[in-house]
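The values are calculated or read from the model by the stated rules, or taken from the named source; none is laboratory data. It should be emphasised that the depicted structure is a prediction, and the values quoted were computed from it without experimental measurement. Positions of Cβ are backbone-derived with ideal geometry, glycine not excepted, and every protein chain shown enters the neighbour counts. Surface accessibility is based on the protein's heavy atoms, side chains included, excluding ligands, DNA and RNA. Shrake-Rupley method; radii C 1.70, N 1.55, O 1.52, S 1.80 Å.
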Amino acid sequence: VSDNIAHDLKTPLSRLRSRAETALSGPADVANYRAALETTIEDSDQLIKTFNALLLIARIEAGSPEGAMGQVDASEIVRDVVELDEPVAVEVGAELAVEAGEPILMTASRELLGQALANLIDNAMKHAEGTPGLRIVVSTARDAQTFVLRVADNGPGIPAADRERALQRFVRLEKSRSKPGSGLGLSLVAAVARLHDGTIELGDGSPGLVVTLRLPLK
């Protein structure tokens, strides 16, 4: 993990410092200084998000208070998260639909289950943005003693050879390099799945990506 941090954060930190040096060495212009500071703040915010995600993953794996378990209705959590994300979906030109009518009671962390779903929706909107008629469908189901959460989109998807690697920390596939992000979204979801003794699977939506989370109904 330390190697990954050093490798993936060295470049944005160096870029941030270089931008500040360029602004200082140029003409003493208020507009230029302001533009450089605004960009530096944006870069800093992204770095803070990266560190926060790393800390959350570490706390999850250590059995943190955020991972405190209780009786929850998983379908209700899903509906709440989708409702919060609908305005963002409209902004990027996506349709966000939910199929979660049946109450599904289980023992889980409400906060972490919601965070995992928010990450999956964010990933779908970010990496499938620009897809004509982009549609993201979030659904819940009960399979024997398992809660099944699916997030499916009709975007470009992920090649089969890259799906396992996409769950690792700091991995950003080639087509995602130009988009903002830390490469921690799916790895955080995987950590939440492990905390609940569950699994995560990336599949082909023909077209698009289907992410399936399976958590036991303890």
Ile104 long-range amide H proximity, modeled H, under 5 Å: Ala74, Ser75, Glu76
Kindly rank 89-96, 27-34, 78-85 from highest to lowest mean number of other beta carbons found within 10 Å of each residue. 78-85, 89-96, 27-34
Cα-centred dipole magnitude for the range 25-85, charges only on beta-carbon of K, R (+1) and D, E (-1), debye, nearest 20: 240 debye
Rg from C-alpha atoms of the range 104-168, normalised by the globular rule of thumb 2.2 N^0.38 Å, equals 1.27
So, with a 1.4 angstrom probe, what is the percent of accessible area on the range 98-140 that is carbon and sulfur? 50 percent
Computed ³J(HN,Hα) along the range 38-52: with the Karplus parameters 6.51/-1.76/1.60, θ = phi - 60°, integer Hz and x for glycine or proline, the list is 4, 5, 5, 5, 4, 5, 5, 4, 5, 5, 5, 4, 4, 5, 4
Collect residues whose amide H, placed 1.01 Å from N in the peptide plane, falls under 5 Å from the amide H of Val98; neighbours closer than 5 in sequence don't count. Val138
Which value, in Å², gives the accessible area per residue of the range 37-104 when a 1.4 Å probe is used on the protein heavy atoms? 58 Å²
